[in-house]
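Working notes, structure below.
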Amino acid sequence: EKGGYDTFMAKEIDEQPKAVADTLLARSDEQGRLVLDEMRIDEAALADVDKVVIVSCGTSSYAGMVAKYAIERWARIPVEIEYSHEFRYRDPVIGARTLVVSISQSGETMDTLMAVRHARELGATTVAVCNTHGSTIPRESDGVLYTHAGPEVAVASTKAFVAQITAIYLLGLYLAQLRGTLAAADIKGVLAELHAVPDKVQKVLDGSGHVRQIARWMADTRSVLFLGRHVGFPVALEGALKLKELAYIHAEGFAAGELKHGPIALIEPGQPVFVVVPSPEGDDSVHAKVISNIQEIRARGARTIVIAEEGDDAVVPYAEEIIRVPQTPPLLAPLVTVVPLQVFACELAGAKGLDVDQPRNLAKSVTVE
Ligand code: F6R
């Protein structure tokens, strides 16, 4: 059933263009308006929401971080993001106008289920973003937005993650449509850009030979750092988590802006650092600031492995290795920039002879609190 692949994870990484495309399928009507059928929530109630709280764990929580950027930008609703296991225990301020969105691949994560139950007790409306039909979390939620990544077998999440991010963009656009915060033409424009993403992901996969080579060179590395800013920050966190889980290498992700507030002390000659560079198309100063971060760590001897868009030449002087990704609108970039980091972790773990699909100490769904 691995279809010619050595591992399920390698197969699932390659299925990502389809996971994104399938999650986007049949989401609009003849007029081009978004229709999220499974939502089952009254549109007037959704339009009236005054706060969104996203609860999730692990990789799904990084999809939640991306969601905060997108929903706040498009729908102009404040978004809080929280680990499911922290949510319940801090007496959260939740009411009838709060929309609590859970994100869970399995739909069985106990921490997230308990957070959803708690939110309902407090009177919130709950929506589940979930990859598993008929699982517990969507059954216990008011509405559901299914991701269509197909069954994910490898313990480490890959294709479910890109499908979650895709679904959350749909949710953000839908809320913007209901609230009138984006013009219909702008929503159509973003949707068109989203539909272009699967081909871009395919391009990254087709060009992944370079990152595989870097992974094999680095098989003895003991520590790797990941930097990102804006939506690149959750991507950096995900890159670090994948490496910990699969290759048992100490890895940390940082917001690039935090570097000078402490983590830069970790930089010594030879320290590998992945940097997720934001699109130069976005906020100029964000791009320039990340370039200056690369410069700073390079000056201290870091091995800089830079993920940057095609045509972004500003990175060239300070990058030891450059991994190119196709140009993508800044908010949608995580769908392409995360892919080389997944490939890196998978390849490095394979090079170390580890069990990529079943890393030690981990279970596919965590059904205890
Ligand atoms: C990481 C990973 C875990 C899960 C987390 C949440 O590769 O797989 O961090 O993302 O346990 O699981 P779900 O999404 O099923 O709630």
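A short reminder: the numbers here are calculations on the coordinates, not readings from a lab. Please read these numbers as outputs of a predicted model, since none were measured by experiment. Counting neighbours? That spans all protein chains shown, and the Cβs are built from the backbone with ideal geometry, glycine included.
Numerical summary
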item	result
Burial ordering of THR328, THR166, fewest other beta-carbon atoms within 10 Å first	THR328, THR166
Lys/Arg +1, Asp/Glu -1 at C-beta; segment 181-266 dipole; positive extreme among ILE264, GLN202, ALA183	ILE264
Cα gyration tensor category, rounded, prolate or oblate, for the chain with a/c compared to 1.5	prolate
Efficiency of FRET from Cβ geometry, ASP206 and ALA299, R₀ 35 Å, rounded to 0.05	0.55
Alpha-carbon centroid distance for the pair segment 338-369 / segment 90-135, whole angstrom	26 Å
Whether segment 103-231 is rounded, prolate or oblate, judged on the alpha carbon gyration tensor where a/c under 1.5 counts as rounded	oblate
Distance from segment 9-65 to segment 143-207 (C-alpha centre basis), Å	6 Å
Separation of alpha-carbon centers, segment 216-248 and segment 287-332, rounded to whole Å	15 Å
Listed residue (GLY64, PRO92, LEU46) projecting farthest to the positive dipole end of segment 14-98, Cβ model	PRO92
Label-zone membership for segment 32-61, site THR181, 7 angstrom Cα→C-beta point, backbone N under 17 Å	34, 43-55
Kyte-Doolittle mean at least 1.0 and Cα axial length at least 15 Å: DSSP H helices in the chain	159-179, 334-351
Positive-pole candidate from ALA288, ALA115, THR23, dipole of the chain, charges at beta carbon	ALA288
Sorted by Cβ neighbour density within 10 Å, fewest at the top, the residues ILE214, ILE168	ILE214, ILE168
Estimated dipole of segment 16-112 in Debye, rounded to 20 [Cβ of Lys and Arg +1, of Asp and Glu -1, Cα centre]	280 debye
Percent of beta bridges antiparallel (DSSP, the chain, rounded to nearest 5)	0 percent
Additional length obtainable on full extension of the chain from ASP37 to LYS2, 0.36 nm per residue less Cα span	9.3 nm
Simple Cβ-charge dipole of segment 278-369, Lys/Arg +1 and Asp/Glu -1, about Cα centre, in debye nearest 20	420 debye
Highest-MSF residue in the chain out of PRO359, PRO269, PRO278 [GNM, Cα springs under 10 Å]	PRO269
For the chain, size of Cβ-based charge dipole, Lys and Arg +1, Asp and Glu -1, in debye	480 debye
DSSP beta bridge pairing in segment 71-174, given as percent antiparallel to the nearest 5	0 percent
Order of LEU191, LEU259 under a 10 Å beta carbon neighbour criterion, fewest first	LEU191, LEU259
